[in-house]
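Read the structure below first, then the notes.
The values are calculated or read from the model by the stated rules, or taken from the named source; none is laboratory data. On a predicted model such as this, the values are computed, not experimentally measured, just so you know. Because the Cβ atoms are built from the backbone with ideal geometry, glycine has one as well, and the counts that use them run over all protein chains shown.
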Amino acid sequence: MKKEHFEHTGRKGSSWKFTMVNSIGFCLALAVFGVLSLCLPKASFSEVEKRELAAKPTLSVESVFSAQFMKEFSAWFADTFPWRDSFISTAHLLEDVRGIRPDEIKVYEAKPSAPAQQGTSAKEEEPAPSTKRPRPEHNTPELPQEQSAPSTQPEGDHIVVTPPDEDAVGYLMDNGIFVFGQRAVNLFGGSHQMAGYYAQTLNSYLDEIDPSVQVYNMVVPCSSEFYLPSRYQASSADQWENISFIYSQLDERIKPVDAYNALAAHADEYIYFNTDHHWTALGAYYAYQEFCKEAGLTPAALEEMEARTREGFLGTFYTQTGDPVLAQNPDNLTYYIPDTQYENYIRMKDQPDSFTRFDSIWGEMASMTNSYSIFLYGDFPLEKIVTEHKNGRKIVVVKESYGNAFVPFLLPHFEEIYVVDQRYFQTSLVELMEENGVTDLLFLNNVFAANTAYHIDRIDSLKHQVWIPPQTKEAGEDE
């Protein structure tokens with residue numbers, strides 16, 4: 001009996017000690033993690049979620065008694081705990097393992113979006129007979145991985161692109177992100193009402209600016225037009241039809257730039273990213289060639305430019321879905337540097353009378369999900385590029401982020417280039433043009449932006465916009 005009692009109490013004591021050790025270890029781990037959370041440097045931007053993180057709140061008597069401080073402190077702590085982006089990526093992977101991927105297709109419902117932060121990149125039209133042109137003889141980036149190429153065929157006034165009909169079944173949701181294989185696209189839902197509003201807004205500029213200024217309009221199709229599998233084409237509106245309608249509504253004094261056919265002719269090349277909603281620099285180059293035709297310019301040869309490539313780019317489609325297959329198949333971002341000497345000046349937000357000098361137009365410090373900001377350092381209210389070409393031609397490019405990959409190709413042709421981001425510009429566009437003797441005005445938007453009221457309203461408001469200084473607050477005043 002004594003022996004049995006001894007063995008029983010021995011096992012009980014061992015179990016008690018094991019529980020204590022586990023409890024102490026767990027508490028120590030929590031304590032260490034808590035200390036690290038408070039002591040390690042805090043990120044202000046999430047590369048995975050592509051958003052600004054919560055800022056540390058300011059302690060005040062009012063905020064403590066109103067419980068606002070603890071609410072904001074909790075949000076800040078949750079947003080800035082160590083290795084947060086890594087944990088989020090792992091969670092997406094585990095979520096994908098738990099779920100089902102029918103025939104490699106997923107559809108994500110669109111999330112509400114806001115304009116991108118300055119210095120980052122974020123989301124969001126040509127009737128002329130054309131035939132498929134031979135590829136220029138230069139080395140162009142190859143499609144990542146093995147990927148089926150669409151077929152092209154001239155038909156009437158445009159080139160028809162037939163995507164490969166992937167043998168897959170999926171569920172479609174209007175205005176969602178459609179993921180299939182190693183690629184994602186946006187489903188388009190534009191309308192004649194919005195397209196007409198866009199054209200009308202551009203026409204209204206003709207009564208506000210010097211009649212000697214030549215105005216151009218370029219509306220760029222997005223990747224779903226060329227790559228959405230054939231069986232799902234009915235789930236996305238016809239971008240060619242929408243763009244053609246816009247161009248039919250433009251005043252004859254506005255020259256349309258046929259980016260659609262320029263891109264369609266090269267749909268079997270790497271002209272759009274797979275994990276991001278933007279076009280590549282190669283796609284922008286083909287559109288630039290079409291712009292040169294309308295502007296009476298001779299396009300610079302791509303092989304005469306220096307090409308640099310950034311690997312491992314995961315763009316907006318990945319950040320909005322966290323899709324593990326996209327994560328495993330990142331894009332390559334190649335950019336081309338024209339042989340032109342220039343000076344670059346950027347106007348920051350709420351600095352309407354001053355510029356900051358930058359050494360180049362290439363934000364080469366950008367990395368990971370923010371790599372598209374290599375082009376022009378991202379999005380700013382105004383960028384002024386002064387080149388070595390003293391030919392008297394000065395252009396304003398009114399754009400959203402699609403314009404960033406396009407603008408560098410203009411360096412060999414203009415004495416001054418003014419890049420106006422329609423989302424952030426804060427002063428009068430008409431006055432900017434008058435004060436600087438602008439000779440050319442280009443509106444460049446992707447087809448989504450050209451069918452979005454927010455973008456159209458912003459373009460309209462730029463004409464005689466007046467900068468209003470932000471309200472200053474007394475020290476310690478509540479928000």
Inset, instruction - Residues being more than 24 Å from the chain's Cα centre (by Cα) and closer than 30 Å to Arg393 by Cβ: count how many of those fall in the stretch 183-241. - result: 14
Legend entry - Test result for Glu269, within 22 Å of the chain's Cα centre (by Cα), surrounded by 19 or more Cβ atoms within 10 Å (Cβ to Cβ) and charged (D, E, K, R): no
Legend entry - Tally of residues being out of contact with any Leu (no Cβ under 6 Å at 6 or more places or on another chain) and part of a helix (DSSP H, G or I) across the stretch 233-256: 12
Inset, instruction - Would you mind finding the one in Ala267, Ala262 that is under 19 Å from Pro154 (Cβ atoms), in a helix (DSSP H, G or I) and in contact with a Ser or Thr (Cβ under 9 Å, 6 or more places away or on another chain)? - result: Ala262
Inset, instruction - For the stretch 367-379, state whether one or more residues are of a type in the set (Val, Ile, Thr) and surrounded by fewer than 17 Cβ atoms within 10 Å (Cβ to Cβ). - result: no
Inset, instruction - Could you pull out the residue among Val430, Val397, Val438, Val420 that is under 23 Å from Lys463 (Cα atoms) and either at pLDDT below 95 or in a loop (DSSP other than H, G, I, E, B) (or both)? - result: Val438
Inset, instruction - Go through the stretch 365-387 and count every residue that is modelled with pLDDT under 95 and either part of a loop (DSSP other than H, G, I, E, B) or not polar (S, T, N, Q) (or both). - result: 4
Legend entry - Enumerated helices (runs of 4 or more DSSP H) restricted to the stretch 270-345, each holding at least 1 residues that are modelled with pLDDT under 95: 316-321, 324-327
Inset, instruction - Kindly indicate the residue of the stretch 356-379 that is polar (S, T, N, Q) and touching a strand residue (DSSP E or B) at 6+ places or on another chain (Cβ under 7 Å) and also farthest from Glu311 (Cα to Cα) among those meeting that condition. - result: Thr356
Inset, instruction - Confirm whether His413 is assigned by TED's automatic domain parsing to the domain that holds Tyr216, modelled with pLDDT of 95 or more, assigned to a loop (DSSP other than H, G, I, E, B) and under 24 Å from Tyr247 (Cβ atoms). - result: yes
Inset, instruction - Among the residues of the stretch 350-359, write down those that are part of a loop (DSSP other than H, G, I, E, B) and surrounded by 14 or more Cβ atoms within 10 Å (Cβ to Cβ). - result: Gln351, Pro352, Phe355
